[in-house]
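A.B. asks: The following block contains the structure, expressed as structure tokens.
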Amino acid sequence: MSIKYPVISPSVLSADFYNLKADFEVLKASGITFLHHDIMDNHFVPNLTYGYPVIKSLMKENDFNHDLHFMVENPDRVIPMYFELNPRSITFHIEACMHPQRLLSEIRKNGIKAGIALNPATSVDTLKYLLDDLDEILIMSVNPGFSGQKFISSVKKKIVECVEMVNNRDIYVALDGGVDNTNIKEFNEMGIDYFVCGSAAFRDRKISENILKLNQALGIN
């Protein structure tokens, strides 16, 4: 699939797991081509979600670009089993990885885009020597673990710093947490290319309406 930015990537964790197929059909009809998967281990973050068997099943929905976001301890031990599934991208937290450059390299060797996520209190300076190995930087604007949290306002400064650091490199900057139709335009104007939307996409089960509002805020027809 060709990628047209800005991108809205609904977080599957906020969907109705009893009616996932129906939710996916609504997302397709709304023009969504990306899905964001939050993989949590109840150690790195205080929540436990789904893993390999579920991801493998969900990736049969091949009308989507599947992006895997690992919020786990020791991601270098967990991530390699997912290579064979060939997701579009794999992102892990720099706070959880002892040798991030090695893992980024392994991800890319398998033909998968490689990203690093930063918790709200983590400086963008931690990425200074990894830029040549990165395809994506995922800025967490809430503390990871649960959807529906409010945007942490101090993260705005980090967005500016991150966009300036990336400059003209072929790295897209993503934002995850507290994004909705009231602020998404502002973040896009600040340089965010990719938006993870959980409750903003699935709130009150009005998926089509929610996606339309996000698109309208971004000026997407």
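A.B. asks: List the residues of the range 173-188 whose backbone N lies under 15 Å from a point placed 7 Å from the Cα of Q149 along the Cα-to-Cβ direction.
C.D. replies: Within reach of a label on Q149, which here means backbone N under 15 Å from a point 7 Å along Cα→Cβ, the range 173-188 contributes 175-179.
A.B. asks: Moving on to the next point. Using only Cα atoms, figure out Rg for the range 91-181 and give it as a multiple of 2.2 N^0.38 Å.
C.D. replies: 1.06
A.B. asks: Identify which of M81, M140, M71 has the largest mean-square fluctuation in a Gaussian network model of the chain, with springs joining Cα atoms closer than 10 Å.
C.D. replies: M81
A.B. asks: Related question: So what's the chain giving for Cα Rg divided by 2.2 N^0.38 Å, two decimals?
C.D. replies: Dividing the Cα Rg of the chain by 2.2 N^0.38 Å gives 0.94.
A.B. asks: Taking 0.36 nm per residue of sequence separation and subtracting the Cα-Cα distance, how much length would be gained by fully extending the chain between R77 and K156, in nm to one decimal?
C.D. replies: 25.2 nm
A.B. asks: Using a simple spin-label model with points 7 Å from Cα along the Cα→Cβ vector, what separation in nm is obtained for N47 and D125?
C.D. replies: So the two model labels end up 3.0 nm from each other.
A.B. asks: Give the percent of DSSP beta bridges with both residues in the chain that are antiparallel, rounded to the nearest 5.
C.D. replies: Counting DSSP beta bridges with both partners in the chain, the antiparallel share is about 5 percent.
A.B. asks: What whole-number distance in Å separates the alpha-carbon centres of the range 12-45 and the range 95-150?
C.D. replies: Centre-to-centre (Cα) distance: 21 Å.
A.B. asks: Still on this model: Could you sort the peptides 116-126, 37-47, 56-66, 7-17 by per-residue average Cβ neighbour count (10 Å cutoff), highest mean leading?
C.D. replies: 7-17, 37-47, 116-126, 56-66
A.B. asks: Now a separate question. For Y18 paired with A217, estimate the spin-label separation in nm (one decimal), with each label point 7 Å from Cα along the Cα-to-Cβ line.
C.D. replies: Placing both labels 7 Å along Cα→Cβ, they lie 2.9 nm apart.
Values quoted throughout were computed directly from the atomic coordinates according to the rules given, and no laboratory measurement underlies them. The model shown is predicted, which means the values in this text are computed figures rather than measured ones. When we count neighbours, we look across all protein chains shown, and the Cβ atoms used for this are built from the backbone with ideal geometry, even at glycine.
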